[in-house]
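Here the structure is laid out as structure tokens; the discussion comes afterwards.
The values are calculated or read from the model by the stated rules, or taken from the named source; none is laboratory data. All values reported here derive from a predicted model rather than from experimental measurement. Heads up, the Cβs are rebuilt from the backbone with ideal geometry, glycines too, and the neighbour counts pull from every protein chain shown. Just so you know, the surface numbers come from the protein's heavy atoms only, side chains and all, with ligands and any DNA or RNA stripped out. Shrake-Rupley method; radii C 1.70, N 1.55, O 1.52, S 1.80 Å.
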Amino acid sequence: MTEVEQGYEIVLHRSLTEPILLGGAPRNVAILNGTLAAAIGIGLQLWIAGLVLWILGHTAAVWAARKDPQFMDVLLRHIRHKAYLGC
């Protein structure tokens, strides 16, 4: 046996490696977007504005998730870093 074949082999379920999506958008973004749209639609009684906000926000989140499924992790890491080379 070669060195590569001597290691252990385990079965890794696919759900452990894929991001958790709701309707194609990351779960946290979908929940936040839905909550904000519901607060505007129900709380302020601006039904059309809440619906438009939800559609636009969810569409943008799905588009970003198709480009990079872990865009929220990248965005949060980007926000945490300080601007060392500010102009």
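If you check 39, 61, which single one turns out to be among the aliphatic types (A, V, I, L, M) and in contact (Cβ under 8 Å) with a residue 24 or more places away in the chain? Give the derivation first.
Details: 39 fails: in contact (Cβ under 8 Å) with a residue 24 or more places away in the chain.
One residue alone meets the criteria, 61.
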Next item on the list: Take residue 63 and decide whether it is open to solvent by 90 Å² or more (accessible area, probe 1.4 Å), touching a helix residue (DSSP H, G or I) at 6+ places or on another chain (Cβ under 6 Å) and either farther than 16 Å from residue 34 by Cβ or part of a helix (DSSP H, G or I) (or both).
Entry: no
Item checked: Qualifying residues in segment 66-87 (those that are within 25 Å of residue 25 (Cα to Cα) and open to solvent by 100 Å² or more (accessible area, probe 1.4 Å)) - the one modelled with the lowest pLDDT -> 81
